[in-house]
Amino acid sequence: MDANLKIARAKTQLVLKHPFFGSIAMGLNFVETDKVPTMATDGRSILWNRAFVDSLDKDHVMGVIAHEVMHVALKHM
């Protein structure tokens, strides 16, 4: 599955299964970059690496996005 599609589906599943995380995720920009090895956030965007997302299954992508969302929610940028 394409990494962009994995990200999109993970965000949708977060909205449906975990609305707290999903609602915050939907308010963030998702930016593909090779400047981070995994995922990261600056509080406005979630930066993600294609190779990293490709290495994960859909549930793990959802979990990592939720992890990054918690950095935003708790202001731990």
Within the set of pairs 6 or more residues apart or between chains, which connect a residue that is in a helix (DSSP H, G or I) and buried (at least 17 other Cβ atoms within 10 Å of the Cβ) inside segment 1-18 to a residue that is modelled with pLDDT of 95 or more and of a type in the set (Asp, Glu) with Cβ atoms less than 6 Å apart? Ala3/Asp54
Cβ pairs under 8 Å, 6+ apart or interchain, first in segment 22-47 and on the phi > 0 side of the Ramachandran plot and open to solvent by less than 60 Å² (accessible area, probe 1.4 Å), second not in a loop (DSSP other than H, G, I, E, B) and not β-branched (Val, Ile, Thr), ordered by first then second residue, are Gly43/His71
Are any residues in segment 48-66 assigned to a loop (DSSP other than H, G, I, E, B) and free of Cβ contacts under 8 Å to residues at least 40 places away in the same chain, and if so, which ones? Asn49, Asp57
Condition test on Val64, is it closer than 23 Å to Met1 by Cβ, out of contact with any His (no Cβ under 7 Å at 6 or more places or on another chain) and of a type in the set (A, V, I, L, M)? yes
Take the conditions among the charged types (D, E, K, R), on the phi > 0 side of the Ramachandran plot and either open to solvent by 70 Å² or more (accessible area, probe 1.4 Å) or touching a Gly at 6+ places or on another chain (Cβ under 7 Å) (or both) and apply them to Lys75. Does it pass? yes
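The values are calculated or read from the model by the stated rules, or taken from the named source; none is laboratory data. Every value quoted in this text rests on a predicted model; they were computed, and no experiment measured them. Every residue, glycine as well, gets a Cβ built from its backbone with ideal geometry; the counts of neighbours run over all protein chains shown. Keep in mind that these areas ignore ligands, DNA and RNA; they rest on the heavy atoms of the full protein, side chains included. Shrake-Rupley method; radii C 1.70, N 1.55, O 1.52, S 1.80 Å.
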